[in-house]
Amino acid sequence: STEPGSFTSNGSMIVVSNRLPFVLKRNETTGQLERKASAGGLVTAVAPVVINGNGVWVGWPGMHMENPNEPIPESDPNDRTPTAGLLSRKVVAVHVEPAIFDSYYNGCCNGTFWPLFHSMPDRATFIAEHWRAYTTVNEEFAAKTVGALELIHKEQEGQTNGTPLVWIHDYHLMLAANWIRQAADEKNLRLKLGFFLHIPFPPWDIFRLFPWADEILQGMLGCDMVGFHIQDYCLNFVDCCQRCLGCRVDRKNLLVEHGGRTVRVRPLPIGIPFDRFVSLAESAPRVMLTNQKIVLGVDRLDYTKGLVHRLKAFEMLLEKHPEHREQVTMLQIAVPSRTDVREYQDLKLEMDQLIGCINGRFTTPNWSPIRYIYGCVSQDELAAFYRDAAVALVTPLRDGMNLVAKEFVACQINNPPGVLIVSPFAGAGEMMHEALICNPYEIDEAAEVIHRALTMPEDERTLRMNHLRRRERIYDVNYWMKSFLQVMGSLEERDSVGATT
Ligand code: GDG
């Protein structure tokens, strides 16, 4: 079973991520710090394992604090979110000076690694100061993690608990593992180290453009296991280790030798909390009072998501297939993201302009082709959109996995269902074979694929959607969590909630 609570880790788990699973906010009236939960599926799956195993979460608290020693508040008694049981002494907040944090986060993470790892090197900046800040912040995260590890070892003295497991997340923290390993070796602290990258890992000829590429690899190779969404990213990583560092590698078994150790590389495709989306879709009221067929897009406003190409494909559809005019509406939700970074500000303007153009061109007194929400909608509303849409357009130019494609199929409980269109350049496109596959760069063809989706017979829609839903139900986010523990040799199954076998 992959029910949350049906398994745990046999040693305490320390999760290390850029952000904590909640952010801190100061209540303006009381002046007190408060926790604000984040709703992501990852937190739902990972938090119970941390909490049940008496583990720790290390991360940035989402705000700069004047007094870094100010204690983190306990959760609110009414808190029903997955992190409610995370005691504040099990949370380690990493504090970084604002200017350094800006160079690390907006500079190196989102100005360099994000575009580079999505194979868009022309958008990447390579600035030594940003890289120095990245190094500094990673060192700080490593130091805090070692502190947490020492505490766990102290607490467990004389007990026969399993080996503590450190799990580092994402491109913000690619250097931390090696330092954690070195410090743990010096202090004689047992540990297992795992890393998971949520974005693609690029091919060697792109990766090597980064001036300090070797250091990244050395950092990651401090782990026992390095995980990616799909096999292709694993192979790219193995290739880079061989070509940049001269490591001995085994491509078939995805192994890299480094510093006298063998590092395992594994595809671990992330899933979603499938059942949660089904129940949201079951209970959410109808939110769109329209007889129109809805073509839905849901994305962070990010240039990797192919929003501009998508709008042009929709425009082409209206041009080539005028029968869809006044019958079909595109609903695009674009969540504001990284608004401090120039590329994102430019994209915002480009979107505003293009949507204005298309709407100006086709709008009639009774209909506008595009409804555009620049903002965030609630989970209920989102589930209703997913449920009531005729077509979902998930057409990134490049995407590690893409959860929207999975959430859409989970919420497709209406009979007959809608159609998913997915890009082959998203990790999700790799496995969701029954979706319509669409190359977002090919605008004409993309318009034809949308037309095909809008005119697909009901029985074909049902057949495709049934397959897609079956797969995502099995390979949900708990399955992913469990797979990670399994490859780390840390999985402990339970008979029923609360009772260990
Ligand atoms: C990175 C990788 C990988 C979106 N709009 C609203 C909203 N969302 C939620 C969705 C979904 C999430 O945001 C977006 O996840 P994605 O996977 O699509 O994309 P990234 O943010 O780029 O995530 C990606 C992922 O990490 C996990 O490993 O799949 O490839 O880039 O969950 O539901 N949620 C609400 N309102 C919105 O308006 N409530």
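The values are calculated or read from the model by the stated rules, or taken from the named source; none is laboratory data. Predicted model only: the values in this text are computed from it and were never measured. Counting neighbours? That spans all protein chains shown, and the Cβs are built from the backbone with ideal geometry, glycine included. What goes into the accessible areas is simple: the full protein's heavy atoms, side chains included, and nothing from ligands, DNA or RNA. Shrake-Rupley method; radii C 1.70, N 1.55, O 1.52, S 1.80 Å.
Taking the charge dipole of the chain about its Cα centre, with +1 at Lys and Arg Cβ atoms and -1 at Asp and Glu Cβ atoms, the residue from GLY85, VAL23, VAL263 reaching farthest to the positive side is VAL263.
To the nearest 20 debye, what charge dipole does segment 132-259 have about its Cα centre, counting +1 at the Cβ of each Lys and Arg and -1 at the Cβ of each Asp and Glu? Working shown, then result.
Details: 12 positive and 16 negative charges, 29 e Å.
That gives a dipole near 140 debye.
Per residue, segment 105-155 exposes 37 Å² of solvent-accessible protein surface, assessed with a 1.4 angstrom probe and all protein chains in place. Starting from the Cα gyration tensor of the chain, take the square roots of the eigenvalues, sort them a ≥ b ≥ c, and report rounded, prolate or oblate (rounded when a/c is under 1.5, otherwise prolate if a/b is larger than b/c, else oblate). Since a/c reaches 1.5 and a/b is larger than b/c, the shape of the chain is classed as prolate. Our coupling estimate for segment 320-326, obtained by passing each phi through the Karplus curve with A = 6.51, B = -1.76, C = 1.60 and θ = phi - 60°, is 7, 10, x, 4, 7, 4, 6 Hz, Gly and Pro reported as x.
By the Cβ rule of 4.7 Å, the chain holds the following cysteines without a possible disulfide partner: CYS108, CYS109, CYS223, CYS234, CYS240, CYS244, CYS357, CYS376, CYS411, CYS438. Couplings 3J(HN,Hα) for segment 26-32, derived from phi with the Karplus relation 6.51 cos²θ - 1.76 cosθ + 1.60 (θ = phi - 60°), are 8, 5, 5, 7, 8, x, 7 Hz, where x marks Gly and Pro. Overall, the accessible surface of the chain at a probe of 1.4 angstrom is composed of carbon and sulfur to the extent of 48 percent.
Between the alpha-carbon centres of segment 208-232 and segment 338-408 there is a gap of 33 Å.
Each peptide in 267-273, 208-214 receives the mean, over its residues, of other Cβ atoms within 10 Å, and ordering these scores from highest gives 267-273, 208-214.
Short-range pairs are left out: with C-alpha atoms under 8 Å and at least six residues apart, the relative contact order of the chain is 15 percent.
Rounded to the nearest Hz, the phi-derived 3J(HN,Hα) couplings of segment 456-462 under the Karplus curve 6.51 cos²θ - 1.76 cosθ + 1.60 (θ = phi - 60°) are 5, x, 4, 5, 5, 4, 5, where x marks glycine and proline.
Under the shape rule built on the C-alpha gyration tensor, where the axes satisfy a ≥ b ≥ c, segment 1-129 is oblate, since a/c reaches at least 1.5 while a/b does not exceed b/c. Accessible surface calculations at 1.4 Å, restricted to protein heavy atoms, place segment 241-344 at 45 Å² per residue. Site pair SER279 and TRP204 shows an inter-label distance of 4.9 nm when each label is modelled 7 Å from Cα along Cα→Cβ.
Sort out for me the Cα centre separation of segment 249-283 from segment 106-173, rounded to whole Å. If we compute the Cα centre of each part, the gap is 18 Å. Normalised per residue, the accessible area of segment 384-470 is 35 Å², obtained with a 1.4 Å probe and no contribution from ligands, DNA or RNA.
Ranked highest first by average number of other Cβ atoms within 10 Å, how do 277-289, 296-308 line up?
Values: 277-289: 15.1, 296-308: 22.3.
Final packing ranking: 296-308, 277-289.
Mean residue ellipticity, 222 nm, helices only, the chain: the sum of -39500 (n - 2.57) across DSSP H runs of n ≥ 4, divided by residue count and rounded to 500, is -12000 deg cm²/dmol. Scanning residues 5 or more positions from PHE7 or on other chains, those with amide H under 5 Å from its amide H are ARG494, with H placed 1.01 Å from N in the peptide plane.
Can you tell me how much longer the chain between THR262 and ILE474 gets when fully stretched, taken as 0.36 nm per residue apart minus their C-alpha distance, in nm with one decimal? Don't skip to the answer; put the middle values down first.
On the way: separation 212, 0.36 × 212 = 76.32 nm, distance 3.10 nm.
Extending this stretch completely gives an extra 73.2 nm.
Taking amide H as placed 1.01 Å from N in the peptide plane, HIS198 has its amide H under 5 Å from the amide H of ASP170, TYR171, each at least 5 places away in sequence or on another chain. Rounding to the nearest 10 and keeping the result within 0 to 90°, find how far the Cα-based axis of helix 176-186 lies from the longest principal axis of the chain. Once rounded, one gets 10 degrees. Close amide H pairs (under 5 Å, H built 1.01 Å from N) link VAL335 with ASP299, ARG300, LEU301, GLY375, residues at least 5 positions away or on another chain. If a/c stays under 1.5 just call it rounded; otherwise compare a/b with b/c (prolate if a/b is bigger, oblate if not). Do that for segment 173-232, with a ≥ b ≥ c from the square roots of the Cα gyration tensor eigenvalues. It comes out oblate by the Cα gyration axes.
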